[in-house]
Every structure is written in structure tokens, then in C-alpha cells.
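> Please read through the structure below; I'll follow up with questions.
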Amino acid sequence: MTSYEIVRYKRTNDMEILYQMLLKEKSIHELWNDTAMRLAKAVIAGKYMGFNSLSNEYGKKIAVSFDILFIRHHKTTGEWLNVTDEQKNIVAWQWFYKHIMETALLNKQELQEAI
């Protein structure tokens, strides 16, 4: 699956729950923020990003952090999320891609305002 297909992938209900939990999870955000900043700067500079390989690499790396979210969800609801490993990678890349692009947009706006 290409990066574009992953970003456009329609999340299942359980994937959406995981995505919403991920948006609120500050520890995962802080863990990956420096990498997102570095990649956002490369986007602004117009460098070739190779998003297909990045989605494969970072989707897997970030998805490892989801165990705590699954356990937290189970403790609060008594149910386990029904999400496959592939779906975890999809959610991870959707979140990280959004983070990269939002960071790039903010950085670009700050640069333009400074001029």
C-alpha cells in the first residue's frame, strides 16, 4: 500500500478510537515530535521525501507504542480494540503524516511572517 493510499484509508470504528486516543497521548507526541520537525523542514525545503518508504518505516516504529493505548482502553471499557498489525501501522502513519504536514505548514507560515 502506498503512502497516499494509507493516508486516504478509511478507518474502522476501532481504528478511529485508536486514532483519537493517539491524538490525545502526549508521551507519544513528545517521543516523535523531533522527527516530525526534521521531516517537516525537509518538506519545506522541497527535498524528496520518499513517503512510501517513510510510511513503512515510521508506521511500524510508532505502532509499537500503541500497547499502552490498548491496555488503557481495555481498563476503561472492558473491551479490547479489534485492530490488526497492518491497521496499527495505517493509524500510526496517518497520525504521523498529519503531524509532519501540520508542522510544515506552521513553520512555513512563521517563516513568511518573519519576512
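Read the figures in this text as sums done on the coordinates, not as results from a lab. Keep in mind it's a predicted model, so treat the numbers as computed, not measured. Cβ sites come from the backbone with ideal geometry, for glycine too, and all protein chains shown count toward neighbours.
> Among the residues of segment 79-115, which ones are more than 22 Å from E5 (Cα to Cα), aliphatic (A, V, I, L, M) and surrounded by 11 or more Cβ atoms within 10 Å (Cβ to Cβ)? Write out each step before concluding.
So in segment 79-115, the residues more than 22 Å from E5 (Cα to Cα) come out as 79-81, 106-115.
Remaining after also requiring aliphatic (A, V, I, L, M): 81, 106, 111, 114-115.
If the condition is that a residue be more than 22 Å from E5 (Cα to Cα), aliphatic (A, V, I, L, M) and surrounded by 11 or more Cβ atoms within 10 Å (Cβ to Cβ), then L81, L106 are the ones that fit.
> So, one more: For segment 44-63, which positions are among the basic types (K, R) and under 23 Å from N107 (Cβ atoms)?
Of the residues in segment 44-63, the ones among the basic types (K, R) are 47, 60-61.
Matches in segment 44-63: K47, K61.
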